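Engineer: Please see the structure below; I have some questions.
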Amino acid sequence: MDKGLTDFRIHEIDIIKAMMARALKKNVVADSSKFEKVSYMNVCPLDQVDMIITNATINEYIVKMYRDSGMNVAYTPKSAL
């Protein structure tokens with residue numbers, strides 16, 4: 001959460017940032033294995049993201065932590081599957 005959105009694709013960072021600058025809504029789709037991992041290229045702080053969409057295997061503690069910080073996280077809880 002502290003490092004924001006990061007990526008390892010050094011040649012795509014400028015493209016990602018340009019798309020985000022023009023987008024009305026910034027939704028990030030990331031599988032649950034990406035949470036709490038930091039890559040070496042910073043894309044943006046999380047307060048610049050409107051929503052994170054992820055899969056059902058995410059740890060519900062992590063979802064709570066992100067939501068408590070004000071982040072909108074969408075996923076289907078395992079209990080609903």
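Engineer: For the chain, modelled as a GNM with alpha-carbon contacts under 10 angstrom, which of Asp47, Asp31, Asp68 fluctuates the most?
Structural biologist: Per the Cα network of the chain with a 10 Å cutoff, Asp68 tops the list.
Engineer: From the helices alone, meaning DSSP H stretches of at least four residues, give me the mean residue ellipticity at 222 nm for the chain, per-run term -39500 (n - 2.57), in deg cm²/dmol to the nearest 500. Mind showing how you got there, number by number?
Structural biologist: Details: 2 runs with 19 residues, N = 81.
Result for the chain: -7000 deg cm²/dmol, rounded to the nearest 500.
Engineer: How much accessible area does Tyr75 have with a 1.4 Å probe, in Å² rounded to the nearest 10?
Structural biologist: 40
Engineer: Rg (Å, one decimal) plus Dmax (Å, integer) for the alpha carbons of the range 1-52?
Structural biologist: When restricted to Cα atoms, the range 1-52 yields Rg and Dmax of 10.5, 28 Å.
Engineer: Hey, what's the chain come to in accessible area per residue, 1.4 Å probe, Å²?
Structural biologist: On the way: 5800 Å² over 81 residues.
The answer is 72 Å² per residue.
Engineer: Taking all protein chains in place and a 1.4 Å probe, what share, in percent, of the accessible surface of the chain do carbon and sulfur account for?
Structural biologist: Carbon and sulfur: 55 percent of the exposed surface of the chain.
The values are calculated or read from the model by the stated rules, or taken from the named source; none is laboratory data. Note that the structure is a prediction, hence the values are computed from the model and not measured. These accessible areas exclude ligands, DNA and RNA; they are computed on the full protein's heavy atoms, side chains included. Shrake-Rupley method; radii C 1.70, N 1.55, O 1.52, S 1.80 Å.
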